[in-house]
Structures are given as structure tokens and as C-alpha cells.
Amino acid sequence: MSKDALIVAVAADRLSEKLRTSGFHIDEGPRMFDELSQAGLWLGPRWLLEENDSFLQLIPYVVLRKGRQVACYQRSASGNEGRLRGMRSIGLGGHIEIADAVMAGPHIDPQQTIELASRRELLEEVGDLVVVDQCWRGWIVDRDSPVGRVHLGLVGIWTVENSSIHGAEDAIADSALVDIVELSRDSAHLESWSRMIIPMLLQDLG
């Protein structure tokens, strides 16, 4: 993606207080989209947003789940975000581009826009999926790293029927379905956003 590309962001000071504290904040999809509607979404050039933490770039961070397993992969050297290259991740997705924006009158519709962007990103990254359920589970706020300070993650859990997950682009390497408990025992190799949501995934197992 070009640094001049227009991407979707939200003004940090228009979000609720909880979204100014680092961590994973459990929430429900309807409340998440209401929050973004009230804050208002904005399209800006990526080069500007990458250096300005008064705005947060929205990143759908979708976990693909099948039973007790989730898709895990390595971010290769060809990925757009150089600061994450080489890290392992369980979150798929990326920036929301201008082509993803769905308008509701003069405003960007958060839910339709985020879901359209998520489907596009997943098709680009891992190809066709058989999705049987999807939900939005909460926010990732990371004020403690240069890349995290300018992004806001929206965590989705998509249940799939696929028996294997393969990268459809060079940025996705060494992909596999991994048991969530096993992953939690070796989480040191995961990027920080993935580590943040492991407790929620374990809790979902009961």
C-alpha cells in the first residue's frame, strides 16, 4: 500500500476513556460500532497518520478458529508493516482503504465498512474460506509501542470449516492451524496484539 493511500481512522480523543488504556478490552459488536459512529470516522493519508497518534488507524484483527484451533502464521519480509516482519500472529486483516468505505449519507458506516474491509483482506491473505459464524469481541489498544500507538484493533472471531489455512500472498508465511492451549504455552514468539487476546480465547474454551 502506498504511503499516500487514504485509510480510515478515528480521532483518539473522541473515543471512550477505556480505549485510552493499553490492553484487550472485551466488548460486543453492536456497542463497538455505536462507539465508532458517535466518534465519527475519517479518511486520511497513511503517511500522515503513521506519525500522528491523535488519530488511530482502524485495523480489523480477525482470528480464524476451527474447534480448539486457530490459524497462526509468520509475517514475512514482504509485509507492508516493516516493524512486524518476522513475528508470528493469529490476527489477519489490515488497514481499511478508501475503496472499503460504505457511506450512510455524509458519514462512513462503521459496521458495513469494517466487515467489507475484513472480507477483502482475508480473501487477499488466505483465499476462499467457508465461514460458519463470525462475531466481534473487543478492542486492542497498544499505547506502548510505536506501531501500536497509531492503530486501534477490532478483534473478530470467525469460525471456519476449512481443515487447513494457506497464505494466498507472500506476506503470509508458514501458516497452520494450532491448538489454542499449545499456542498459549509458546506465546513468547507471538506479536503483542496476539498475546493480548490469548486469555480471551482460552476463556472461550471453558
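Some points to look at:
- Percent of C-alpha pairs per 10 Å bin, the chain, short to long: 8, 37, 39, 14, 1
- Rounded to 10°, Cα long-axis angle of helix 192-205 versus longest principal axis of the chain: 60
- Within-15-Å neighbourhood charge of C72 [Cβ basis; K, R +1; D, E -1]: +1
- Under the simplified labelling scheme, the A104-K3 pair shows an inter-label distance of 3.5 nm, with each label point 7 Å from Cα along Cα→Cβ.
- Result for the chain in a Gaussian network model with C-alpha springs under 10 Å: among S163, S194, S184, the largest mean-square fluctuation is at S163.
- Residue order, fewest to most beta carbons within 10 Å, for T113, T21, T159: T21, T159, T113
- Its Cα centre serving as origin, the chain has a Cβ charge dipole (Lys and Arg +1, Asp and Glu -1) of approximately 400 debye.
- When the Cα positions of G91, L19, S37 are compared along the charge dipole of region 1-146, G91 comes out farthest toward the positive end, with charges on each C-beta of Lys, Arg, Asp and Glu.
- Paramagnetic reach from K18 in region 153-170 [backbone N under 13 Å; point 7 Å along Cα→Cβ]: none
- Taking the longest Cα principal axis of the chain as reference, the axis of helix 110-126 is set at about 40 degrees.
A short reminder: the numbers here are calculations on the coordinates, not readings from a lab. These numbers come from a predicted model, not from an experiment. For neighbour counting, all protein chains shown are included, and Cβ atoms are generated from backbone atoms with ideal geometry for every residue, glycine included.
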